[in-house]
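Structure first, then comments.
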Amino acid sequence: MVRVYLDNCCFNRPFDDQSRLSVRLETEAVLFIQQKIKEAKVELAWSSILDFEIKRSPFETRREVTDEFRQLACSVVDVTSATEHEARQLQSQGLAIIDSLHLASAVSAGCDYFITVDRGILKNQVPKMAVVNPIQFVHIYEENFR
């Protein structure tokens with residue numbers, strides 16, 4: 001089964017201003033992926049970095065929605081020295097520390113795909129997994145995992 005890591009901006013996408021078509025399309029793709037997670041057709045990996053970011057959110061509804069998905073996660077990765085080492089390597093590509101920790105956590109969890117709507121993260125390549133936006137993942141899923 002395919003294993004994914006959704007970063008925090010994916011969980012927040014349905015709450016974003018939907019006036020732009022690109023945001024609405026990404027929202028639909030995120031909701032599709034979340035449905036596949038609920039149906040146990042896609043495995044979700046989680047991390048302590050997601051917990052950290054979500055707990056900082058001032059929006060209770062967003063915290064509640066994301067907590068539902070934490071309960072569905074197949075694994076929860078804590079930051080270890082190996083994760084920190086991987087994150088430092090990713091930072092050398094110009095990633096922010098929090099973004100590099102998300103990516104390193106996804107690598108540690110054995111994810112096939114890191115899914116994000118963050119354009120800065122999407123510019124980076126991670127040798128051990130694909131970094132894609134939700135729309136790209138829907139195409140991949142429909143072609144390979146139905």
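Go through 44, 117, 140 and say which Cα lies farthest out towards the positive end of the charge dipole of the chain; charges sit on Cβ, +1 for Lys and Arg, -1 for Asp and Glu.
140
Exactly which trypsin sites (Lys or Arg not before Pro) in the range 28-136 are in a DSSP loop and have at most 14 other Cβ atoms within 10 Å?
Qualifying residues, ordered by number: 41, 56, 123, 128.
Per residue of the chain, what 222 nm ellipticity follows from adding -39500 (n - 2.57) for every DSSP H run with n ≥ 4, rounded to the nearest 500?
The helix contribution divided over the chain gives -16500 deg cm²/dmol.
Order by neighbour count: 9, 111, fewest other Cβ atoms within 10 Å first, most last.
Result, fewest neighbours first: 9, 111.
FYI, it's all coordinate maths here, none of it is from the lab. This one's a predicted model, so the numbers in the text were calculated from it and none came from an experiment. Cβ atoms come from the backbone with ideal geometry, glycine included; neighbour counts cover every protein chain shown.
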